[in-house]
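The values are calculated or read from the model by the stated rules, or taken from the named source; none is laboratory data. Predicted model, so just to flag it, every value in this text is computed and none were measured. Note that we place each Cβ from the backbone using ideal geometry, even for glycine, and neighbour counts take in every protein chain shown. Protein only, heavy atoms only, side chains kept; ligands, DNA and RNA dropped before computing areas. Shrake-Rupley method; radii C 1.70, N 1.55, O 1.52, S 1.80 Å.
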Amino acid sequence: MATETMVKPVTEYEVVIGLEIHAELLTDAKVWCGCSTKFGAEPNTQVCPVCMGLPGTLPVLNREAVAYAIKAGLALNCSIAPEARFDRKHYFYPDLPKAYQITQNDHPLCRRGYVEFELGGETRRVGIHHIHLEEEAGKLMHAGDRLMEAEYSLIDYNRAGIPLIEIVTEPDIRSPEEARVFLENLKSILEYTRVSDCRMEQGSLRVDANISLRPKGSTKFGNKAEIKNLNSFRAVQRALEYEVRRQTEILQRGEEVAAETRHWDETKGVTVAMRTKDEEDDYRYSPEPDIPPFEVDPAWVERLRAQLPELPREKQQRFVEQYELPAYDAGVLTADAKVADFFEACVAAYGKPKIVSNWLMGEFLRLLREDGAEVQDVPLTPEGLAELLTLVDRGVISGSIGKEVFEDMFRTGKSAAAIVKERGLEQISDEGELAAVVDQVIAENEDAAAKVRAGEMKTIGFLVGQVMQKTRGKANPKLVNELLRARLVQE
Amino acid sequence: MELHDLTVRELRQRLAAKEVSSAEVTEHVLRRIEQLDPHVGAYLTVTADQALAAAKAADEARARGEAVHPLAGVPGGLKDNIVTEGVRTTAGSRVLENWTPPYDATVVRRLKDAGVPVLGKTNMDEFAMGSSTETSAFKKTRNPWDAGRAPGGSSGGSAAAVAAGMGYWALGSDTGGSIRQPAAFCGVVGMKPTYGLVSRFGLIAMASSLDQIGPFTRDVADAAELLNVIAGHDPKDSTSAPGRAPDFTAALKAEAKGLRIGLPKEYFTEGISAEVQAAVRQAAAELERAGATVEEVSLPHAEYALGAYYMIVSAESSSNLGRYDGVRYGRREAGADVPAMMTATRALLGSEVKRRIVLGTFVRGKERLPEYYMRAARVRTLLRRDFEQAFEKVDVLLTPVTPTTAFPLGRRVRSQMEAYAADICTVAVNLAGLPALSMPCGVGADGLPIGLQFIGPAFGDAQVLQAAYTYEQLAWPEGAGRAWRAGKEVDVDGH
């Protein structure tokens, strides 16, 4: 007993994370007017008196935006409210045309859902507290770094009034890594349902993270910090990892974590205090009198449910069963619906799912990442890939040359045969032609040849490599191997 | 009868008979505005060229024998919180003194489509906050029948214009009596339609759940004519009622028999002057003699209406007025940074507007919203129920409009509450969203008109018009808006 009291145990903490995700909806028109939502137009060309908040204008709810929000709710296993109500959230900021944002405070469209995903061989479930529909503000561009110090600022109201959903999770996330994996799964679902394009770099997906620590076993929440300015899922994980360290140190010192909003500094890799919770504005929410409560017809919800596509986890399961892929492969291929569709088209054209999977998970995804491209922008077709793989199968080109050809096809869309011909990449399978090179290599590498003759077979690979080098990779490796063995190994 | 004193329907007959052209009439009224308005101050902006162009277009259409709208070529004015494309719209405020809207309000579009010439924009209390038109940032409007008295407000300019023959009709807006009270003070007919009957798209909002556009005219039938143009569903206003509006002129039958009239006892209290109460009871007696039944009814929650009204009106208007920050339109005052610029710009607002913004911002506070705003919303439900119960027994309610005849300009009130208390007979109608019409029913000891209010159930606008028309045919067959004054001239002495 005495020894136990002598060692003061270091408290172990449980990490508690909840996320707030804003996703722009992919509707053609804004949420209160008919203006286009297309990204990248000239500033202030997609505006009208309504989305500029001119005196006398009134909002009219775009049903399509409600439908998209409901679809998101259904895909995230939420129950849908029988009635949608809107509120005004008030604050003064130049990008907010009406000095209030129309949002849903007390009566969100969707409640109580969840996302399930795999993490560390375990199935995790993160609850969705609610999803509500609201509007975007405009976009400020400062002549200088920040609003308060800028000489002047310009405002683009094209974004003002684009429909937005805010997804608020339960505080169910237990690690920074889990936060990132959850977000990846959420993004897949939103993309699958075509509710949002989830482009963080264009701002169509934004994440704020709430994090607190508590002693393991405790059921009471600790003071939380809200982290803002998270520009990628990677940043979410890094910022949360930083917060875990920072908050652990504070608690270990016996101090209290401040309840505050913190800003993630990507370059320094730290979070910085912005304001405490006491300083936070009262948004003075009040009911929106210009939009009557919107009744949600249950039959309409069922029609929207029927329109939902196969979701990522269902598709992953099907890939494992139908294509006999490892769960890992199926997971990678189904993360992006467009990659999954491409995979299925390739298998339809070529067969051999595992081979296709290897090529897509390797070369295809690598090149997508490198080029920052989207599947639909890549000129390579499933038929093209099938042709390439057939050339490899027939031994017309080697596998390694195949990768080179693949890269060319990926970027130019030319046919495999054309590239092979153009660049003279056919595999050399002519015994006479190769025998001459093999003999030359043996002559130039007497030591290695002697080792092989003495039975050290692993050295044969070196000699094969020399032949491949001399033929710039075009030699048929199987034939080279045979020729070397015939000359150096006594049968 | 002077040309400018005709009713809309009389003028229409002359236009149809080609006794006079719309261009002549419009020129005549514009001349009258030029001569008289320096004394009255009804208009903030006169759009003579546009009005004449519309008048000529209407004349040409008539000359070609086309089927023109009944109101084609009949000129009138618009309260300056009704948005007009290309014509400065100020809402009586310094912050919008240079704002030229890029669009038309739905009611303006409908008037233009009907070939109606618009003479200009009329003066009003700043952002419709007031009951004398004195909070206008630009000028005073005088009561046409006594230049020392207020025309009422907030639609004082519209009421004065119609009373003084500077337009055959005018549109105003009514949030808590802003059409009915100035109509009573100036001795014309003013109607606040059921909430949702007339589109609010293009009405600069004060309190969105209460605001409603309505007409000022010289008789009840003209109010029905105007309502026929402006009423009906508008897809741009989600609070506008679905479906087509009925033909309100069809309801105009003088028939007292079978009409059940209620006198809500809570509207005949000590706060209402004896002569006003007597005049209203007199009107009820006349209708009774002609065959109507009159009974006393009760609206038990009436005493809570004023408090609930000022909570809701302040909360909603403070929210609606946040947008006047100098960023996108209107005047912008210089400031060292953005908050300073916004603050300086908002300092242009007048003291009544600021008072309501402060009160409204206070009651919308996180902890206070349930205690004030939500409680006011519950009072609203109770008031609506009171009215519904009353309308199970009667067709219309008959009440005073204001405690007294027009009060003096520059009157000093002992407290703001005293000024607000004068709205006692008008605000519950807005809280319940009901239709109500104000018209003259007598003359006070000071020679100024006394107003009478008809209140109907929601979407019983035709019912209200029918009852008011019946009374008018009994008491003022020449038109209530001019018969009461019997030869009285516009007071141009000034004070």
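Taking Cβ-Cβ under 4.7 Å as the only way to count a partner, pick out the unpartnered cysteines of the protein assembly as shown.
Here A:CYS33, A:CYS35, A:CYS48, A:CYS51, A:CYS198, A:CYS346, B:CYS186, B:CYS425, B:CYS441 come out as lacking a disulfide-compatible partner, given the Cβ-Cβ threshold of under 4.7 Å.
How about the range A:205-246: which chymotrypsin sites (Phe, Trp or Tyr not before Pro) there are in a DSSP loop, with at most 15 other Cβ atoms within 10 Å of their Cβ?
Sparse-neighbourhood loop chymotrypsin sites (Phe, Trp or Tyr not before Pro): A:PHE221.
Within 10 Å, count the other beta carbons around each residue, average over each peptide in B:67-73, A:322-328, and list them highest first.
Descending mean neighbour count gives B:67-73, A:322-328.
About its Cα centre, how strong a charge dipole does the range A:431-488 have in debye, to the nearest 20, once Lys and Arg get +1 and Asp and Glu get -1 at the Cβ?
Approximately 220 debye in magnitude.
May I ask you to find the residues of the range B:359-384 that are shielded by at least 50 Å² of accessible area once the whole protein assembly is considered instead of their isolated chain (probe 1.4 Å)?
B:ARG364
Roughly how much of A:ARG206 is accessible, in Å² to the nearest 10, using a 1.4 Å probe?
About 80 Å², rounded to the nearest 10.
Can you compute the charge dipole magnitude of the range B:118-159 about its Cα centre, using +1 on each Lys and Arg Cβ and -1 on each Asp and Glu Cβ, nothing else charged? Give it in debye, rounded to the nearest 20.
Roughly 140 debye, rounded to the nearest 20.
Which chymotrypsin sites (Phe, Trp or Tyr not before Pro) from the range B:140-209 combine a DSSP loop assignment with at most 10 other Cβ atoms within 10 Å?
Hits after loop and neighbour filter: nothing returned.
Ignore the peptide's own chain and count Cβ atoms of other chains within 10 Å of each Cβ in A:54-67; give me the average, rounded.
Whole-number average of other-chain Cβ neighbours for A:54-67 is 6.
Can you show me the helix-derived [θ] at 222 nm for the protein assembly as shown, built from DSSP H runs with n ≥ 4 at -39,500 (n - 2.57) apiece and divided by the number of residues, rounded to the nearest 500.
Computed mean residue ellipticity for the protein assembly as shown: -11500 deg cm²/dmol.
Mind checking which of B:ALA419, B:LEU171, B:PRO408 is farthest towards the positive end of chain B's charge dipole, using Cβ charges of +1 (Lys, Arg) and -1 (Asp, Glu) about the Cα centre?
In chain B, that residue is B:ALA419.
Students sometimes get this wrong: rank B:MET129, A:MET457, B:MET311, A:MET274 by accessible area, probe 1.4 Å, all chains present, largest first.
Greatest to least solvent exposure: A:MET274, A:MET457, B:MET311, B:MET129.
Please compute the per residue accessible area over the protein assembly as shown with all protein chains in place, 1.4 Å probe, rounded to a whole number of Å².
41 Å²
Let me know the shape class of the range B:35-90, please: from the alpha-carbon gyration tensor, a ≥ b ≥ c as square roots of the eigenvalues, rounded when a/c is under 1.5, otherwise prolate if a/b is greater than b/c, or oblate.
Cα axes put the range B:35-90 in the prolate bin.
Before we go on, tell me the buried accessible area for the A/B pair, both chains summed, 1.4 Å probe, in Å² to the nearest 100.
Separately minus together, A and B give about 2800 Å² buried.
Check the straight Cα-Cα distances from B:LYS140 and name the lysines below 20 Å, setting aside those fewer than 8 residues away within the same chain.
Cα-Cα hits under 20 Å: B:LYS79, B:LYS121, B:LYS354.
Please turn the phi angles of the range B:3-10 into ³J(HN,Hα) values with the Karplus equation 6.51 cos²θ - 1.76 cosθ + 1.60 (θ = phi - 60°), one per residue in order, whole Hz, x for glycine and proline.
Those phi angles translate into 4, 6, 9, 5, 7, 4, 6, 5 Hz.
Check the straight Cα-Cα distances from B:LYS366 and name the lysines below 18 Å, setting aside those fewer than 8 residues away within the same chain.
Within the straight-line limit of under 18 Å, B:LYS366 reaches these lysines: A:LYS89, A:LYS277.
What is the total of Lys pairs in the range A:310-423 with C-alpha atoms under 24 Å apart, excluding same-chain pairs fewer than 8 positions apart?
12
Within 10 Å of each Cβ in B:200-212, how many Cβ atoms from other chains are there, averaged over the peptide?
Mean number of neighbouring Cβ atoms from other chains: 3.
Residues with beta-carbon under 14 Å from that of B:MET374, excluding B:MET374: net charge, scoring Lys, Arg +1 and Asp, Glu -1?
After counting each charged neighbour, the total is +3.
Considering only protein heavy atoms and a 1.4 Å probe, what is the carbon-and-sulfur percentage of the accessible area of the protein assembly as shown?
Answer for the protein assembly as shown is 50 percent, counting heavy atoms of protein chains only.
What does the charge add up to near B:ARG180, with Lys and Arg as +1, Asp and Glu as -1, over the other residues with Cβ less than 11 Å from its Cβ?
-1
Nearest-5 percent of antiparallel DSSP beta bridges in the range A:10-300?
95 percent
Taking 8 Å as the Cα distance limit and 6 or more residues as the minimum spacing, I'd like the relative contact order of the range B:303-379 as a percentage.
Relative contact order of the range B:303-379: 44 percent.
What are the ³J(HN,Hα) values, in whole Hz, obtained from phi via the Karplus relation 6.51 cos²θ - 1.76 cosθ + 1.60 with θ = phi - 60°, for each residue of the range A:317-334 in sequence order, with x given for Gly and Pro?
So the J values, rounded to whole Hz, are 4, 5, 4, 4, 6, 6, 9, 6, 8, x, 4, 4, 4, 4, x, 5, 5, 9.
Other chains' Cβ within 10 Å of B:237-245 residues: what's the mean?
2
In angstroms, what radius of gyration and Dmax does the range A:10-300 have, counting Cα atoms only?
Gyration radius and largest Cα-Cα distance of the range A:10-300: 19.6, 63 Å.
What residues does the range B:312-333 have that are buried by at least 30 Å² of accessible area in the full protein assembly compared to the chain on its own, 1.4 angstrom probe?
B:SER319, B:GLY322, B:ARG323, B:VAL327, B:ARG328, B:TYR329
Tell me the label-point distance for the pair A:ALA273, A:TYR152, using the 7 Å Cα-to-Cβ offset, in nm and rounded to one decimal.
Modelled inter-label distance: 3.8 nm.
Compute the signed sum of charges (Lys and Arg +1, Asp and Glu -1) over the other residues within less than 13 Å, Cβ to Cβ, of B:LEU36.
After counting each charged neighbour, the total is -4.
Can you tell me, using C-alpha contacts under 8 Å and at least 6 residues apart, the relative contact order of the range A:77-117 as a whole percent?
Averaging sequence separation for qualifying contacts and normalising by length gives 53 percent for the range A:77-117.
Where nothing but the Cβ of Lys and Arg (+1) and of Asp and Glu (-1) is charged, how large is the charge dipole of the protein assembly as shown around its Cα centre, in debye to the nearest 20?
Around 1120 debye, computed over the protein assembly as shown.
Using modelled backbone amide H atoms (1.01 Å from N, in-plane), which distant-in-sequence or interchain residues come within less than 5 Å of B:VAL297's amide H?
B:LEU263, B:LYS265
Starting from the Cα gyration tensor of chain B, take the square roots of the eigenvalues, sort them a ≥ b ≥ c, and report rounded, prolate or oblate (rounded when a/c is under 1.5, otherwise prolate if a/b is larger than b/c, else oblate).
Note, shape of chain B comes out rounded.
Rounded, prolate or oblate for the protein assembly as shown? Axes are the square roots of the Cα gyration tensor eigenvalues, ordered a ≥ b ≥ c, and the cut-off for rounded is a/c under 1.5.
prolate
Can you tell me the relative contact order of the range A:10-300? Whole percent, Cα pairs under 8 Å, sequence separation 6 or more.
Value for the range A:10-300: 25 percent.
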